[in-house]
Amino acid sequence: MRFALLDSWKKSLTCASIIIGAWGSMSCEKEEKKLGAVYEGPVEIVSNVQIRYSEQGAQKVQMITPQSLTYTNQNKVFPDTVNINFFDPNGSVITHLRADSGHYNHSSNVYIVKGHVKVIKSETQQILTTTELSWNPVTKKVYTDKPLTVKKIGSPEITRAVGMDAEQDFSRIKFRKGAGIYKTSLTP
């Protein structure tokens with residue numbers, strides 16, 4: 001009987017050891033997964049950002065945003081309002097752009113602004129609105145595939161289009177698919 005109790009106790013102890021060992025290895029696996037997780041958040045956070053582009057000492061573009069998040073692949077996210085000023089050769093702002101947010105794609109070297117995008121051309125008093133615009137600093141081109149509207153301040157003229165290509169200062173704009181309402185005066 002003594003041997004039967006001892007054998008029974010050994011079997012119970014062995015089963016308990018197996019259960020505790022299995023439970024312990026499961027908890028270690030979970031811990032290892034937590035410890036080995038790769039951080040995918042920003043590696044740099046900068047506040048009150050001003051980015052300036054110039055050519056031969058003359059400022060061409062200035063971007064102002066409250067925050068910039070840089071990731072390991074060098075992409076940047078601008079989660080708050082983005083304001084961009086485009087300058088003429090004399091250093092005066094000729095076009096102002098405002099968007100809800102934006103980002104920079106390092107591999108394609110393109111800035112993309114999104115949300116309520118509004119471009120105001122000072123010289124012609126035109127306002128362009130859309131939901132997304134892209135800017136390539138190498139080609140100095142601004143473009144979109146999204147619907148857009150151009151209105152002249154104080155005029156009933158409206159241009160609606162889907163897609164456009166423009167110079168970075170919006171001095172020339174080519175609409176891809178456009179339609180409009182224009183005021184004309186025909187004289188006999």
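For region 58-67, which residues satisfy the criterion of being free of Cβ contacts under 8 Å to residues at least 40 places away in the same chain, touching a Ser or Thr at 6+ places or on another chain (Cβ under 8 Å) and either outside the structural domain of residue 125 (by TED's automatic domain parsing) or of a type outside the set (Val, Ile, Thr) (or both)? Show your work before the answer.
Filtering region 58-67 for residues free of Cβ contacts under 8 Å to residues at least 40 places away in the same chain gives 58-59, 62, 64-67.
Going one step further and asking which of them are touching a Ser or Thr at 6+ places or on another chain (Cβ under 8 Å), we end up with 65-67.
Matches in region 58-67: 66, 67.
I'm trying to understand the selection: among the residues of region 99-127, which are farther than 25 Å from residue 72 by Cα, among the charged types (D, E, K, R) and modelled with pLDDT of 95 or more?
Scanning region 99-127 gives a single hit, 118.
Would a scan of region 49-60 turn up a residue that is within 14 Å of the chain's Cα centre (by Cα) and part of a loop (DSSP other than H, G, I, E, B)? I'd like the intermediate steps shown before the answer.
Within region 49-60, the subset within 14 Å of the chain's Cα centre (by Cα) is none.
No: region 49-60 contains no residue that is within 14 Å of the chain's Cα centre (by Cα) and part of a loop (DSSP other than H, G, I, E, B).
Just checking, how many residues over region 80-134 are more than 17 Å from residue 59 (Cβ to Cβ) and surrounded by fewer than 20 Cβ atoms within 10 Å (Cβ to Cβ)?
Number satisfying all stated conditions: 27.
Test residue 50 against the criterion of being modelled with pLDDT of 85 or more, touching a Gly at 6+ places or on another chain (Cβ under 9 Å) and either among the polar types (S, T, N, Q) or not assigned by TED's automatic domain parsing to the domain that holds residue 132 (or both), and give yes or no. Please lay out each step first, then the result.
Values: modelled with pLDDT of 85 or more: yes; touching a Gly at 6+ places or on another chain (Cβ under 9 Å): no; either among the polar types (S, T, N, Q) or not assigned by TED's automatic domain parsing to the domain that holds residue 132 (or both): yes.
No: the conditions fail for residue 50.
The values are calculated or read from the model by the stated rules, or taken from the named source; none is laboratory data. All of these numbers come straight from a predicted model, not from anything done at the bench. Counting neighbours? That spans all protein chains shown, and the Cβs are built from the backbone with ideal geometry, glycine included.
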